[in-house]
Amino acid sequence: MGHTDSVYCLEFDSKRIITGSRDRTIKVWSLKDGRLLGNFGSIPVLGGEVQGHTGSVLCLKFSIDWDRGQEDAEGSDRKQGFMVSGSSDCSVCVWNLWTGSRVGDDDDREVNGELCTILRGHTGGVLDLRIDDRWIVSW
């Protein structure tokens, strides 16, 4: 259920902790009870390609409390955000995030992630990131 190798980075907000690992995955945990809410990253897809990083996840950033006070156009409970992650594979992945079904008896919801795009251009591992409404800065 947890990571299968060392955790290199984590970020948190008022509801969850997101961790990145040497096992090439990103996991989302409930801050309230430690329950796993989401798992994505190095996922094999058809044709043998990998969706996500092919190296260790070294850093990540996401919009803090991206699902608070947000309601989509149809009034649904599904709320959307985004996250970026950097890796030893010299890339930055941009992820779309959205909430899924309720987990347990409280307000926790599953967190799903889908790879939006991969930014390439670094000649070494991506060690840190900053984001705002307009920019992604990586080094």
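How high is the relative contact order of the chain, in percent, with contacts defined as C-alpha pairs under 8 Å that are six or more residues apart?
Details: 341 pairs, mean separation 26.2, N = 139.
Normalised by residue count, the contact order of the chain is 19 percent.
What do you get for Rg/Rh of the chain when both radii come from the Cα atoms and Rh is the Kirkwood radius?
In the chain, Rg relative to Rh is 0.96.
Show me, for region 97-111, the HN-Hα J-couplings you get by feeding each phi into the Karplus relation (A = 6.51, B = -1.76, C = 1.60, θ = phi - 60°), rounded to Hz, glycine and proline as x.
Rounded to whole hertz, the list is 10, 8, 7, x, 6, 5, 10, x, 9, 10, 7, 5, 10, 4, 10.
Only Cα pairs within less than 10 Å get springs; with that Gaussian network setup on the chain, which residue of GLY20, GLY86, GLY55 has the largest fluctuation?
GLY55
Using a basic spin-label model with each label point 7 Å from the Cα along Cα→Cβ, how many nm lie between PHE12 and TRP135?
Using points 7 Å along Cα→Cβ, the separation is 2.9 nm.
Calculate, for ARG22 and ASP105, the FRET efficiency according to 1/(1 + (r/R0)^6) with r their C-beta to C-beta distance and R0 35 Å; round to the nearest 0.05.
0.55
Full-extension gain between GLN51 and THR4, please, as 0.36 nm times their residue separation minus the C-alpha to C-alpha distance.
Length gained, GLN51 through THR4: 15.1 nm.
Considering only ARG102, ARG22, ARG68, give the residue with the highest GNM mean-square fluctuation for the chain, with springs between Cα atoms whenever their separation is below 10 Å.
ARG68
Using modelled amide H (1.01 Å from N, peptide plane; none on Pro or chain starts), what sits under 5 Å from the amide H of ILE26, excluding residues fewer than 5 places away?
Hits under the 5 Å cutoff: PHE40, GLY41, SER42.
Under a 1.4 Å probe, what is the accessible area of the chain per residue, stated in Å²? Please list the in-between numbers first.
Details: 7770 Å² over 139 residues.
Result: 56 Å² per residue.
The values are calculated or read from the model by the stated rules, or taken from the named source; none is laboratory data. Quick caveat, the model's predicted, so the values are computed rather than measured. We place every Cβ from the backbone using ideal geometry, glycine too, and count neighbours over all the protein chains shown. Just so you know, the surface numbers come from the protein's heavy atoms only, side chains and all, with ligands and any DNA or RNA stripped out. Shrake-Rupley method; radii C 1.70, N 1.55, O 1.52, S 1.80 Å.
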